[in-house]
Structures are given as C-alpha cells and as structure tokens.
Amino acid sequence: MSAVMGILKKILVPIVAVLVTVGLGIGLLLSGLLPFSIQLSNGDDPTAESGVSAAPATAQVAENFGYYQVPEQFAMVGGIYYETGQRIVNLADPGGYRYLRVAIVLEFLPDAPDYYSLQDDKLAAAQDTFRVSVDRQRPLIDDVILNVLTSKKFDEIFTVEGKEQLRAQLREELNRRMPNRHVQRVMITDFVVQ
C-alpha cells in the first residue's frame, strides 16, 4: 500500500506543479500584468530571400516591449488616450501654501499590432477594452502622478521648460513603474498654480 502511495506521489507532485504554474501564467496574462503580444505573419515575406528584415506592415515594435509605434499614416490619430482626471495637490514649497490644480491625459501605445487597421465599432471596442485594462492599474498611476507633483516647487514648474520637464518625468516614471504598458505622451490639459 505504501509503495503505491509513493509511486502516486512521484507522479502527481510534478503534474500538480506544472498545472499550478500554467494556471498562474494564464491568470497573469489575462489580467494584463504579464505583457504578451503575438505578431502574425501570412508567410509572404518578400525580403526573406534577400536577407533584409522587413518591418511589420501595421506597426513597428517600440523598444522591444511588445508595444507598437504609431505608423506615419496614422500620426494624427495617435495612441489610446486615458484621462486621469483633475487633481489638486500641495507643492513642495516651504510652508505648503502653494497648490497646483492639474488635469493630465496619458497617451498609451496600443499593445495589439492590428490596432491601427481597426475601424469604427471594432476600434471603439479595442479602446474601451484597453482602458478597462489600464483601470486595473489606476492606483499605481495615481500614486506616480501624486508623488511626482508633490515633489515639485513652484519655481520648477511655472515655466514652459518646467512643464516639459514635468511631462518627461511623469512619462519616465510611469513607464518604469508599469513595464506592461508604454506611455507615449503626457498631456497637461489644465494647469493652475495658486
């Protein structure tokens, strides 16, 4: 009896371990926490014989993260916009008497290679699906924005150059903290310091 149990343990333990690992991987993939993209090809690669690599027809891979640059013909369309809402924060000036009211919109690169070929309802559905997946990371986005904004003093952000540096710092920090997303641009749609 104990010999049978020993054999069953030797067989079942690795099988259970593999199933748990696969289940966790699929769960992370479906939740959007594990970046993954598939680039499909129809096999018709005219440059295969010449040894020259061709760029994907619908997009170019951005920084090897699996996100796709905006093709030139769609440059005016841009990526997927995500509004973070308006917020009021205290600046880091001595005494804490200055505050900033700001509204920020983030432009994300899509994570699907066929995004720019979608039309009408399919495009709207893809954008909504993407926004819902970004909503899961909203606390992280809010934390990054709050930490960057409250670390600034009035003298650092009241000039045009200061606002550009603020945009760049927000974009860099968001991309660092969210490796499964790629923020292409940070747009400030409201900015009042008092």
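Each reported figure results from applying straightforward, stated rules to the coordinates on display, with no laboratory input. No experiment lies behind these values; they were computed from the predicted model shown. Cβ sites come from the backbone with ideal geometry, for glycine too, and all protein chains shown count toward neighbours.
Quick one: order Leu12, Leu149 by neighbouring beta-carbon count within 10 Å, fewest to most. Walk me through the numbers before you get to the answer.
Numbers: Leu12 10, Leu149 21.
Ranking Leu12, Leu149 by Cβ neighbours within 10 Å, fewest first, gives Leu12, Leu149.
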What are the ³J(HN,Hα) couplings of region 148-159, residue after residue, when phi is run through the Karplus curve with 6.51, -1.76, 1.60 and θ = phi - 60°? Round to Hz, x for glycine and proline.
5, 5, 6, 8, 8, 9, 3, 4, 7, 10, 7, 8
Could you list which residues have their amide H under 5 Å from that of Gln184, counting only those 5 or more apart in sequence or on another chain, with H placed in the peptide plane?
Glu107, Phe108, Leu109
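Report the gain in length on full extension from Glu161 to Val22: 0.36 nm times residue separation, minus Cα-Cα distance, nm rounded to one decimal. Before the final figure, lay out each step's value.
Working: separation 139, 0.36 × 139 = 50.04 nm, distance 4.84 nm.
Length difference between fully extended and current span is 45.2 nm.
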Given H placed on each backbone N at 1.01 Å, which residues far from Ile104 in sequence or on other chains put an amide H within less than 5 Å of it?
Thr84, Gly85, Thr189
Among Ile188, Ile88, which comes first, then next, by fewest other beta-carbon atoms within 10 Å?
Ile88, Ile188
